[in-house]
1. Per residue of the range 102-107, in order, report the coupling 6.51 cos²θ - 1.76 cosθ + 1.60 (Karplus, θ = phi - 60°) as ³J(HN,Hα) in whole Hz, putting x for Gly and Pro.
2. Loop only by DSSP, 13 or fewer other Cβ within 10 Å of the Cβ. Give me the trypsin sites (Lys or Arg not before Pro) in the range 204-258 that pass, ordered by residue number.
3. Given H placed 1.01 Å from N in the peptide plane, which residues other than close sequence neighbours of V106 have an amide H under 5 Å from its amide H?
4. For the peptides 154-166, 228-240, what is the packing order when you average, over each peptide's residues, the other Cβ atoms within 10 Å and list the highest mean first?
5. Amide H of D300: which non-local residues (sequence gap of 5 or more, or other chain) have their own amide H closer than 5 Å, using H built in the peptide plane?
6. Could you please rank E113, E256, E133, placing first whichever residue has the fewest other Cβ atoms within 10 Å of its Cβ?
7. For the residue pair E151 and T317, what label-to-label distance in nm results when each label sits 7 Å from Cα along the Cα-to-beta-carbon direction?
8. Just to check I understand the Karplus step: with θ = phi - 60° and J = 6.51 cos²θ - 1.76 cosθ + 1.60, what whole-Hz values come out for the range 304-311, glycine and proline as x?
Amino acid sequence: MNRLKPRDVLNPMIEARASKIQDPVAKLRFLKSTDKRVGQVETVLSRPQYWWLRNRKFWLALGFLLMIPVLSLYRSTARPELAVPASPTAGPKPFREAPLEKVWLVDTKSGVESWSNGLRVETRFTTANRPREYFVWNRNQPSSSLTQLPERKPAGIVFHTTESTLEELEEQKLRRLKLLGESLLQYVNKEKAYHYVIDRFGRVFRIVQESDAANHAGKSTWADGKWAYIGLNDSFLAISFETQTAPGDAAPIISEAQVSSGRMLTRMLRARYGIAAENCVTHAQVSINPSNFQIGYHTDWAGNFPFEAMGLPDNYTLPLASLHLFGFNYDGTFFGNRRPHVEGCSQQ
């Protein structure tokens, strides 16, 4: 069966309509115009049945239309996942220290000082010692000699443990706890051992007044970006927590009240004297033994000091001046987690 052409279908319809036009000129114009339209229809209908398969514009338009709902779905469901996850090889977040706010004395009543940051200091055990006086060495000028600074303000803080007798922190043992605490305070007052003691209940006691030296660090050394300090009894303040050094890598036992008071006391002293965070260190970090030329004659807070809870960076990562500047050595005591930084130095 032969397929009908467009002209075979349209011509009878055109002729029927033309027969109704009486004016010959109008009829001729009609036939010419319809013949042109018929040619246009033939051109379109004579294309292959699946012409769109080879039409590039058709496929581009179709692809764009199909992408619209896909993009909408992606924006609504995938956007929360666009945050870049932390790299598994990235190190710990750098410590960001809050600006030091000014701390001032609010009141003194019945032997208790109240400070603007909430700190309370008991003064009934306060004693005097020799005035602070110390020498420093300018580490940026190797040929320089020891220099006595005109200022007599403390340059840093050393954290200690009292290594005194302890009792379990329980209400039924309150009498024993208070007796041990009083005995400790009387002893350190007599020995002029620390500037401050924080007892098991978080109470802060001033022992040696801040203007004087305390007998706390023994043979010791430390350094910051400019100065090296030798003998920290005069140059650094001492804060001691009533506790004992635990065996092995276990952390010494200190209460939440002690941590809270330690943080407030550290903030007060740093704000008052402009003490740099890098100069707030533990006794084990600064102690040396000149007889065998090794570090760590005293090992209190050799590990696990709560630097972050005190508002400080982890200063265990700082290089020890005794090793890197003065050539001291160390033994295996200082290997382990969160010990003073000794990497890269020879071991004896």
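Values in this text are rule-based calculations from the coordinates and carry no lab data. None of the values given here were measured: they were computed from a predicted structure. With ideal geometry, Cβ positions are generated from the backbone for all residues, glycine too; neighbour counts draw on all protein chains shown.
1. Going residue by residue, I get 5, 10, 9, 6, 8, 6 Hz, with x marking Gly and Pro.
2. Values: sites: R206, K219, K226; in loops: K219, K226.
Here the trypsin sites (Lys or Arg not before Pro) that fit, given the DSSP loop and packing criteria, are K226.
3. Amide H to amide H, under 5 Å and 5 or more residues apart or across chains, V106 pairs with S114, W115, S116.
4. Final packing ranking: 228-240, 154-166.
5. Amide H neighbours of D300: A284.
6. Ordered from fewest to most neighbouring Cβ atoms within 10 Å, E113, E256, E133 come out as E256, E133, E113.
7. With each label point 7 Å from Cα toward Cβ, the separation is 2.6 nm.
8. 6, 5, x, 4, 4, 5, 8, x
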